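Undergrad: Got a structure here, written out as structure tokens. Questions coming.
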Amino acid sequence: MPTDNPEAMKAKLMKSPLADYQSGNSEQHPLKRMLEYNSKWADRADAQLLAQNAKGQSPKVLWLGCADSRIPESHLCGTNPGEVFVHRNIANCFHPGDPSATAVLAYAIEHLGVEHVVVVGHYGCGGVKAAMAQAKDRTSAKADHTLKTNGQDASEAPSTTYIAPPNPDDEGDMSIGKWLGPIRAQALAQLRAQGPSSDLSDEEAERMLVRSHCCAQVSNIESSSIVEKAARNGKKITVDGWVYDVATGRLVDLNV
């Protein structure tokens, strides 16, 4: 059961099944330690809660977050099994046309009765960092080479939302590059808006992109056919955007 005692929460985190392994104090395989921890957890779990969950689920919240290992929604929000439906991917994206995220949203709203969707980004996101770095490389290349495109300086030419990754023969690189394309496009737009004389540090620029990207995903969900269908059927779905600060452990509501 969740606890509000900070020391108890800290002790629980320190007793993670992988804590010794990650700190180098144990050579035991991490998966074995996880299974052993689960056995102990099951022994002391709330029997009534388990029995209730065995009958089905009726969560009211869908959490769309990043796959980052540092953002465990149940730990951050003190929720029990059965309270939050979860979808996580690289950089908490809801790309229009993505069958996985769309299926999750549809199932959550139409079959589970979810009423609240929250998109959760986080500072220090690797996907956002990569997109920003690639956008900066692109703008730097354009500044260094005054190529002409239809009589325009190349730096003024329209950009695409997809930049080929370093190794086009690598399926993994291609998949990651395509997935990050929309974030990279946002980064390019942000850099152009800031201009070359911007006083923003790299960290501040990345944090700004984390927030704007999160807001864009909220917009994507709100304009999806799933949410629009729910509205036509008289069901109100709220969609919110939050950002998690890994350094402080706090969630911030972006009020979008």
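The values are calculated or read from the model by the stated rules, or taken from the named source; none is laboratory data. All values derive from a computational prediction rather than experimental measurement. Neighbour counts are summed over all protein chains in view; Cβ atoms, including those assigned to glycine, are modelled from backbone coordinates with ideal geometry.
Undergrad: Could you grab me the full set of residues in segment 176-225 that are closer than 16 Å to Ala101 by Cβ and over 20 Å from the mean Cα position of the chain (by Cα)?
TA: Ser225
Undergrad: Moving to a separate point now. Would you mind stating whether Arg192 is modelled with pLDDT of 90 or more and either within 30 Å of Ala247 (Cβ to Cβ) or buried (at least 17 other Cβ atoms within 10 Å of the Cβ) (or both)?
TA: Judged against the criteria, Arg192 is a match.
Undergrad: Quick check on segment 102-131: of everything there that is assigned to a loop (DSSP other than H, G, I, E, B) and either crowded, with 16+ Cβ neighbours inside 10 Å or of a type in the set (A, V, I, L, M, F, W, C) (or both), which residue is farthest from the chain's Cα centre (by Cα)?
TA: Restricting to residues being assigned to a loop (DSSP other than H, G, I, E, B) and either crowded, with 16+ Cβ neighbours inside 10 Å or of a type in the set (A, V, I, L, M, F, W, C) (or both), the top hit is Leu112.
Undergrad: Based on what the data block shows, is Pro99 surrounded by fewer than 16 Cβ atoms within 10 Å (Cβ to Cβ), without any contact (Cβ under 8 Å) to a residue 24 or more places away in the chain and under 30 Å from Glu203 (Cα atoms)?
TA: No, not satisfied.
Undergrad: Specify which of the listed residues (Val256, Val227, Val243, Val252) is touching a helix residue (DSSP H, G or I) at 6+ places or on another chain (Cβ under 7 Å), within 14 Å of Leu76 (Cβ to Cβ) and either surrounded by 14 or more Cβ atoms within 10 Å (Cβ to Cβ) or not small (Gly, Ala, Ser) (or both).
TA: Residue meeting the stated conditions: Val243.
Undergrad: Restricting the first residue to segment 239-256 and requiring it to be within 22 Å of Val114 (Cα to Cα), which pairs with a second residue that is assigned to a strand (DSSP E or B) and of a type in the set (Asp, Glu) meet a Cβ separation below 6 Å and a spacing of at least six or different chains?
TA: Between residues of segment 239-256 that are within 22 Å of Val114 (Cα to Cα) and residues that are assigned to a strand (DSSP E or B) and of a type in the set (Asp, Glu), the close pairs are Trp242/Asp253.
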